[in-house]
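> This is the structure I want to talk about, given as structure tokens.
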Amino acid sequence: MIFSNIYKKIYKEIKKYPNIVIARHIGADPDALGSQFALRELIKNKFPKKQVYAIGNPSSRFKFMGILDKIDEIDKENTLLIVLDTPDIKRIDSVHLDDYKHIIKIDHHPFVEKFASIELIEDSASSTCQLIIEFLLKNHLKFDDSVAKNLYLGVISDTGRFMHNYTSKRTFELITILLEKSNIDFTSLYEPLYMRPLSEVRFQGYILENMTVTDNGVAYIKITEEMLKEFDVDSASAGNIISDLKCVSEILIWIFLTEDKKSNLIRANIRSRGPIINEIAAIYGGGGHKFASGARLTSWSQADNLIKDLDNTSEKYIEEINAE
């Protein structure tokens, strides 16, 4: 566990600057958004005179969590940039690091590259929201129900409702404190988080019916823009569905490859329940956690190579398990 002095050091930096910009990774999820909105409100509540902005492209699916800010004009010499839930520069949403002299990173992903003067990285933490709970407790910050809701949403989303193996005793301790010190009805938060349109449920049925499963337990499907239009879903829908394959006994690794013609990319969402996958994702310019990673590919042939590499990884994993 990171010593509490880094949390206090971050707090001292926040106190220095009249302007705070809070960024996170592209393709916002509840942990990124929850930590963003919670930190914004914590700073505003403690320092009402500061200008605090949570920025990035919005997510229509998670709009119930809060509203993002737009910056018209800001004195960047007197601005602190805080980047949340993002291990590398290329994945930061809507920010050019060269515009900022003062940068802090708070992240729970494995280290990829250093880009901030202060970096709080704890890859054993369940989520960045867990780190923000640590931050507010170490600095004795008061928080309201709005902050508690967003932090709870971020933790339960990134842990899969506490199912993933990086959920720890500390995760439960912090959530208990969060609930004891707030008045949130946490059961009511699940409905907006997991509510899906019928079109997405039908799309899920298509994926389950048409995905390929290799002899080594690797499931994959190539999702074209034509498929997305046919089912009237967006490219984020694949990411919303991917966790549902975790409990299929014949599958060890599963990959959703989603075409994005506008960006001229193929987005690879990769999950595992045994083989380590982030090392393979890194070869393709991506990364993430050992069992939950992603990459941005430039061609279907590159996607085929990724599938082959992950299939080899799964084969070796099976051999090692059988040899024990």
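Readers should treat all values here as calculations from the given coordinates under stated rules, not as data from a laboratory. Computed from a prediction, not measured in an experiment: that's the story for all the values here. As a convention, Cβ positions derive from the backbone with ideal geometry for all residues, glycine included, and neighbour counts pool all protein chains shown.
> To the nearest Å, what is the center-to-center distance of the range 241-257 and the range 23-50, using C-alpha atoms only?
31
> Taking the alpha-carbon centroid of each part, what is the distance from the range 55-78 to the range 282-309 in angstrom?
29
> List every residue whose amide H lies under 5 Å from the amide H of Ala54, counting only residues 5 or more places away in sequence or on a different chain, with H placed 1.01 Å from N in the peptide plane.
Result for Ala54 returns Ile22, Asp69.
> For Leu42, what charge total do you get from the other residues with a beta carbon under 10 Å from its beta carbon, if Lys and Arg give +1 and Asp and Glu give -1?
Net local charge, Leu42 excluded: +2.
> Starting from the amide H of His102, placed 1.01 Å from N in the peptide plane, find each other amide H under 5 Å away whose residue is 5 or more places distant or on another chain.
Under 5 Å from the amide H of His102 lie the amide H atoms of Leu81, each far enough along the sequence or on another chain.
> Where a ≥ b ≥ c are the square roots of the eigenvalues of the C-alpha gyration tensor, would you call the range 30-123 rounded, which needs a/c under 1.5, or, failing that, prolate if a/b is larger than b/c, or oblate?
rounded
> For the range 198-323, take the alpha-carbon Rg, divide it by the Kirkwood Rh, and send me Rg/Rh.
Reported Rg/Rh (Cα atoms, Kirkwood Rh): 0.96.
> Where does helix 198-210 land angle-wise versus the long Cα axis of the chain, in degrees 0 to 90, nearest 10?
40
> For the range 136-277, what does the equivalent ellipsoid look like in terms of its semi-axes, each the square root of 5 times an eigenvalue of the Cα gyration tensor, given largest first in whole Å?
Details: eigenvalues 225, 72, 37 Å².
Value: 34, 19, 14 Å, ordered largest first.
> Let me see the pair-distance distribution of the chain: every alpha carbon pair, 20 Å bin width, integer percents in order.
Result, from short to long distances: 31, 57, 12, 0 percent.
> Now for a different question. How compact is the range 4-193 by the rule of thumb for globular proteins, expressed as Cα Rg over 2.2 N^0.38 Å?
Taking N as the residue count of the range 4-193, the ratio is 0.95.
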